[in-house]
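Undergrad: Once you've had a glance at the structure underneath, I'll fire off some questions.
The values are calculated or read from the model by the stated rules, or taken from the named source; none is laboratory data. Nothing here was measured: the structure is a model prediction, and the numbers come from that model. We place every Cβ from the backbone using ideal geometry, glycine too, and count neighbours over all the protein chains shown. Keep in mind that these areas ignore ligands, DNA and RNA; they rest on the heavy atoms of the full protein, side chains included. Shrake-Rupley method; radii C 1.70, N 1.55, O 1.52, S 1.80 Å.
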Amino acid sequence: MVGSADDVAKGTAISVEVDGVDIAVVHTDDDSFYAVRDECSHATVALSEGEVDGCTLECWLHGSRFDLRTGEPTGLPATEPVATFPVEIRDGEIYVSSTPSNGVMP
């Protein structure tokens, strides 16, 4: 358990650590939760500080965008995906696995 779902407003991301891996937990406007590696694959920058737009997360430094469902980049300059992680909301609490769901190593 990494925290309460109520602590992550819609359209925002927070940074958490799970088993030594920095992960961005994102709450999208459609009330879904996603978890991706909290580091842009283009530069060593925390994605959790970026902007959420629909089902994408934009890196604040160079504007790379990543699909929260797949980790795939949807906007340059990033060309490599970021790891995605299973996330589940149980009884109002956020649970994130440290095992990537898309096969990309964190």
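Undergrad: Heavy atoms only, probe 1.4 angstrom, no DNA, RNA or ligands counted: give me D53, D91 ranked by accessible area, highest first.
TA: Values: D53 100, D91 160 Å².
Sorted descending by solvent-accessible area, the residues read D91, D53.
Undergrad: Further question: For percent of Cα pairs over 16 Å apart, which listed value, [x] 60; [y] 49; [z] 55, comes from the coordinates shown?
TA: Derived directly from the coordinates: [y].
Undergrad: Rounded, prolate or oblate for region 1-48? Axes are the square roots of the Cα gyration tensor eigenvalues, ordered a ≥ b ≥ c, and the cut-off for rounded is a/c under 1.5. Walk me through the numbers on the way to the answer.
TA: Details: a/c = 2.56, a/b = 1.41, b/c = 1.82.
Oblate is the answer for region 1-48, as a/c is 1.5 or above yet b/c matches or exceeds a/b.
Undergrad: Of the accessible area of region 33-106, with the probe set at 1.4 angstrom, what percent is carbon plus sulfur?
TA: Working: 1730 of 3780 Å².
Ligands and nucleic acids excluded, carbon and sulfur reach 46 percent.
Undergrad: Isolated Cys in the chain by the 4.7 Å beta carbon test?
TA: Unpaired cysteines in the chain: C55.
Undergrad: About its Cα centre, how strong a charge dipole does the chain have in debye, to the nearest 20, once Lys and Arg get +1 and Asp and Glu get -1 at the Cβ? Could you put the intermediate results ahead of the total?
TA: Working: 5 positive and 20 negative charges, 55 e Å.
About 260 debye.
Undergrad: Whole number in Å², please: accessible area per residue of the chain, 1.4 Å probe, ligands, DNA and RNA not counted.
TA: Values: 5460 Å² over 106 residues.
Per residue, the chain has 51 Å² of solvent-accessible surface.
Undergrad: Continuing with the same structure: Shape of region 49-99 from its Cα gyration tensor (a ≥ b ≥ c, root eigenvalues): rounded if a/c is under 1.5, otherwise prolate when a/b > b/c, or oblate? List each step's numbers first, then the result.
TA: On the way: a/c = 2.77, a/b = 1.89, b/c = 1.46.
Verdict is prolate for region 49-99.
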